[in-house]
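The values are calculated or read from the model by the stated rules, or taken from the named source; none is laboratory data. All of these numbers come straight from a predicted model, not from anything done at the bench. Positions of Cβ are backbone-derived with ideal geometry, glycine not excepted, and every protein chain shown enters the neighbour counts.
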Amino acid sequence: MQIATFPDDPSPRWNNPVLALGNFDGLHRGHMKIIDRVRQRAGERAGTPAAMTFDPHPPRVLRPDKAPALLMTREQKVEALRRSGMQGLAVVRFTHDLSLWDPEMFVRTVLVDWLHVAEVWVGANFLFGHARTGTFSVLRSLGARHGFRAEKIDPVRYKDFVVSSTRVRRLVSEGRVDEAGALLGHHYFIDGTVVRGAGRGRSIGTPTANLASANDLVPPSGVYATLAIIDGIVVPSITNIGLRPTFGDVEHPVVETHLLDADRDLYDAQIRLSFVQRLRDERAFPDVDALRAQIDADCRAARRLFGRISL
């Protein structure tokens, strides 16, 4: 996948680009409907399937105090778009000056003069340009004027509500990771590096990997059934997020993962941790024996869960 950044890079030489335009945080089921249509249309017209996104996320420039925690790092988004079949990725470097552009200036400068788009596909609620005045109707009208086709995809619904990044963020922040996964079409995950901890897990017979992650959004304190992906291998695990109240030895939440049926040196290893289901709240125990008994019960609960689902 070729990546081009506006305004730093020259115009990419993509043949008849068919463009998915949006932020694509999480690359959820709604996003994938747009991506799938772009791949289909690019194939029909011998064009290049491509996506355009913005970096930084626009609210971080316009309303930094209210900007949401993102579901993906930039690296994770690039990886997901590559795996989705996009052959091109246009990254618009979002600045305060660019936010002042009216819709026509954005279309003419970025979509037409820089990308030479043949088609642009957006979600039903996509807005662009200064003060978000660019609606789909505006985009379609500008497309007719500048020689490209503009189309939109209706929202994807899950049960009784529309799939959106905002809703997924809310579910993850509430610990409802199984519901978040249903909207995403995959388990919510974070990436990180294993760092040295206090060694308490190993001392009580349940060694854990302490994960330092660059992801914005980590589920709240609690115990979760998780899948740890290490060197491409999926390993069932349980993960505790929190302050270790039984010991009271940390001031900030830590992410500790215990691999089921595996014991290996993971220091400095890169791990992708996928959250399958919340098992319980984090709580303090009267002594180490009570904590060890609860961890054994957590492991049994996770094994039963993994026995019912396909890993």
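Results, tabulated for the structure shown:
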read-out: Enumerated helices (runs of 4 or more DSSP H) restricted to segment 22-117, each holding at least 1 residues that are under 22 Å from SER141 (Cβ atoms); value: 29-44, 96-99, 103-106
read-out: Any pair with Cβ under 8 angstrom, 6 or more apart, that starts in segment 61-74 at a residue that is closer than 14 Å to SER99 by Cα and ends at one that is of a type in the set (Phe, Trp, Tyr) and modelled with pLDDT of 95 or more; value: VAL61/PHE94
read-out: Of all residues in segment 166-195 being loosely packed, with under 15 Cβ neighbours inside 10 Å and within 13 Å of PRO219 (Cα to Cα), the one that is nearest to the chain's Cα centre (by Cα); value: ARG170
read-out: Sole residue being under 30 Å from VAL18 (Cβ atoms), within 20 Å of the chain's Cα centre (by Cα) and β-branched (Val, Ile, Thr), chosen from VAL218, VAL163; value: VAL163
read-out: Those residues of segment 94-126 which are loosely packed, with under 15 Cβ neighbours inside 10 Å and touching a strand residue (DSSP E or B) at 6+ places or on another chain (Cβ under 7 Å), in sequence order; value: ALA124
read-out: Filter pass, LEU305 being crowded, with 19+ Cβ neighbours inside 10 Å and touching a residue at least 24 places away in the same chain (Cβ under 8 Å); value: no
read-out: Criterion: at positive phi and over 19 Å from the mean Cα position of the chain (by Cα) - qualifying residue of GLY242, GLY232; value: GLY242
read-out: Residue check for SER99: without any contact (Cβ under 8 Å) to a residue 40 or more places away in the chain, of a type in the set (Gly, Ala, Ser), more than 27 Å from ALA182 (Cβ to Cβ) and assigned by TED's automatic domain parsing to the domain that holds ARG29; value: no
read-out: Residues of segment 105-128 satisfying the condition of being more than 14 Å from THR53 (Cα to Cα) and at pLDDT below 95; value: ALA124, ASN125
read-out: Some residue of segment 274-287 being in contact with a His (Cβ under 9 Å, 6 or more places away or on another chain) and of a type in the set (Gly, Ala, Ser); value: yes
read-out: Residue that is nearest to ASN15 (Cα to Cα), among those in segment 80-139 that are among the small types (Gly, Ala, Ser) and over 23 Å from the mean Cα position of the chain (by Cα); value: ALA118
read-out: All positions within segment 132-165 that are part of a helix (DSSP H, G or I), modelled with pLDDT of 95 or more and surrounded by 13 or more Cβ atoms within 10 Å (Cβ to Cβ); value: PHE136, VAL138, LEU139, ARG140, SER141, LEU142, GLY143, HIS146, SER165
read-out: The one condition in (1) closer than 17 Å to LEU115 by Cβ; (2) touching a residue at least 12 places away in the same chain (Cβ under 8 Å); (3) part of a loop (DSSP other than H, G, I, E, B) that ARG13 fails to fulfil; value: (2)
read-out: Flag for LEU259 being more than 20 Å from GLY192 (Cβ to Cβ), in the same structural domain as THR193 (by TED's automatic domain parsing), surrounded by 14 or more Cβ atoms within 10 Å (Cβ to Cβ) and hydrophobic (A, V, I, L, M, F, W, C); value: no
